[in-house]
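Trainee: Supplied in structure tokens, the structure appears directly below.
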Amino acid sequence: MAVAVNNWAEQIRAGDVRAISRAITAVENSEAEAEELLRSLFTSTGQAYLIGVTGAPGTGKSTLVDRLAAFYRRERKTVGIIAVDPSSAFTGGAILGDRIRMQGHATDAGIYIRSMATRGFLGGLARATSDVALLLDAAGKQVVLIETVGVGQDEIDIVRLADCTLVVLVPGLGDDVQSMKAGLMEIGDIFVLNKSDREGADRLEQQILAMLNLVPERDGWKPPLVRTVATEDKGTEALAGAIAGFRSRSELSRKWEAKKVAHWKQRLVELIEARLLERVVGDPRGEEALEKLAAEVAERKKDPYAAVNEVLARAGIK
Ligand SMILES: Nc1nc2c(ncn2[C@@H]2O[C@H](COP(=O)(O)OP(=O)(O)OP(=O)(O)O)[C@@H](O)[C@H]2O)c(=O)[nH]1
Ligand SMILES: [Mg+2]
């Protein structure tokens with residue numbers, strides 16, 4: 001392994017902010033060095049607890065993440081925050097939110113905040129996010145909070161990498177908009193009724209509880225509902241308590257190891273897919289060729305299987 005990469009890895013292990021930032025950029029841009037770095041750091045990972053926070057736009061995820069981060073800092077835990085916003089390129093919303101949040105923690109070396117937006121067609125936002133989580137883990141962050149807007153498959157993939165997933169719901173949004181359509185009820189380990197200062201909170205609570213009764217228990221865990229008012233820091237402790245409860249519950253479970261193995265099996269499949277994709281259509285010409293083939297298939301000039309064989313043959317894979 002190159003000396004430069006080793007030094008870089010050492011700086012990251014020591015929690016050096018600039019080294020971490022540079023590494024995240026390398027991961028985001030799929031630079032060749034990023035893989036070397038991640039390999040060298042991998043044995044130092046596996047310590048952080050990953051908390052995914054998802055929900056419809058504007059439900060108060062960033063405010064909640066901020067409160068949780070402050071809570072963990074009071075417990076003397078180091079914190080990493082990844083705000084994944086596939087839409088930020090268009091709205092700038094997350095970036096503004098981050099700037100506001102960062103002001104409160106700007107002088108705290110125990111907290112690291114970074115936002116990420118959508119990558120190109122091969123980039124794989126979920127993969128980049130999980131690599132960034134590994135970096136923060138290696139940098140010694142004990143808790144890593146990952147915020148994502150729960151709308152699409154990308155976000156659900158991101159959330160799946162978390163050890164514990166919070167689904168944030170608020171009064172006043174249509175039920176289907178918030179969760180049910182996106183399948184969020186199935187992925188939540190803990191449900192957060194934020195903005196519970198607002199009208200309709202009690203009714204929503206009843207609705208969520210009724211729905212949760214229909215969700216089968218997973219490994220003896222019945223997802224609880226926690227009411228919060230993030231702007232007033234109300235319910236933060238109860239939420240952190242629910243997370244701690246879930247954590248000890250899952251770590252004691254006999255299925256914990258099996259869950260980790262299943263997780264890595266899935267990740268390996270994704271990495272293999274990504275590696276193969278990179279080989280066959282990784283460069284701009286590859287994408288062009290893919291586009292052309294797709295057009296031929298769409299026009300029924302070629303069948304998709306022949307097209308795949310062609311692509312693989314060109315890359316020297318049988
Ligand atoms: N009344 C009330 N307002 C809240 C509460 N939590 C957050 N807000 C407000 O809701 C707005 C959105 O909060 P954010 O934390 O940015 O929400 P978000 O889910 O991160 O938003 P996106 O990242 O854009 O999807 C802000 O104006 C907050 O001040 C709450 O508990 N009660
Ligand atoms: Mg936000």
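Trainee: Just to verify a result, which residue in the stretch 49-63, among those that are within 11 Å of ligand 2 (Cβ to nearest atom) and under 13 Å from Thr165 (Cα atoms), is modelled with the lowest pLDDT?
Mentor: Gly55
Trainee: Is it the case, given these coordinates, that Arg114 is modelled with pLDDT of 85 or more and either farther than 18 Å from Leu136 by Cα or surrounded by fewer than 14 Cβ atoms within 10 Å (Cβ to Cβ) (or both)?
Mentor: no
Trainee: Assess whether Leu173 counts as being modelled with pLDDT under 85, more than 20 Å from the chain's Cα centre (by Cα) and within 16 Å of ligand 2 (Cβ to nearest atom). Can you show your working first?
Mentor: Values: modelled with pLDDT under 85: yes; more than 20 Å from the chain's Cα centre (by Cα): yes; within 16 Å of ligand 2 (Cβ to nearest atom): yes.
Judged against the criteria, Leu173 is a match.
Trainee: Let me ask something additional. Among helices (runs of 4 or more DSSP H) lying entirely in the stretch 220-309, which contain 3 or more residues that are closer than 22 Å to Val167 by Cα and charged (D, E, K, R)?
Mentor: It comes to 236-252.
Trainee: Answer with yes or no whether Lys234 is at pLDDT 95 or above, within 16 Å of ligand 2 (Cβ to nearest atom) and not β-branched (Val, Ile, Thr).
Mentor: Details: at pLDDT 95 or above: yes; within 16 Å of ligand 2 (Cβ to nearest atom): no; not β-branched (Val, Ile, Thr): yes.
In short, no.
Trainee: Residues in the stretch 189-200: is at least one closer than 26 Å to Glu232 by Cβ and at pLDDT below 90?
Mentor: Within the stretch 189-200 (the criterion being closer than 26 Å to Glu232 by Cβ and at pLDDT below 90), the answer is no, since none of the residues qualifies.
Trainee: Condition first: surrounded by fewer than 13 Cβ atoms within 10 Å (Cβ to Cβ) and either at pLDDT below 85 or of a type in the set (Ser, Thr, Tyr) (or both). Now tell me which residues in the stretch 276-313 satisfy that.
Mentor: Asp283, Pro284, Arg285, Tyr305
Trainee: Have a look at Arg254, Arg279, Arg247 and point out the one that is in contact (Cβ under 8 Å) with a residue 12 or more places away in the chain and within 27 Å of Gly46 (Cβ to Cβ).
Mentor: Answer to the selection: Arg247.
Trainee: Within the bounds of the stretch 232-244, is there any residue that is open to solvent by 50 Å² or more (accessible area, probe 1.4 Å), away from ligand 1 (no atom under 16 Å from the Cβ) and closer than 23 Å to Gln142 by Cβ? Even if it seems obvious, please write down each step before you answer.
Mentor: We begin by selecting, within the stretch 232-244, every residue open to solvent by 50 Å² or more (accessible area, probe 1.4 Å); these are 232-234, 237-238, 244.
Keeping just the survivors that are away from ligand 1 (no atom under 16 Å from the Cβ) gives 244.
Within this subset, residues satisfying the condition of being closer than 23 Å to Gln142 by Cβ are 244.
Looking through the stretch 232-244, at least one residue is open to solvent by 50 Å² or more (accessible area, probe 1.4 Å), away from ligand 1 (no atom under 16 Å from the Cβ) and closer than 23 Å to Gln142 by Cβ.
The values are calculated or read from the model by the stated rules, or taken from the named source; none is laboratory data. Since the structure is predicted, the reported quantities are computational estimates derived from the model, not experimental observations. FYI the Cβ positions are ideal-geometry reconstructions off the backbone, even for glycines, and counts take in every protein chain you see. SASA here: full protein model, heavy atoms, side chains in, ligands and nucleic acids out. Shrake-Rupley method; radii C 1.70, N 1.55, O 1.52, S 1.80 Å.
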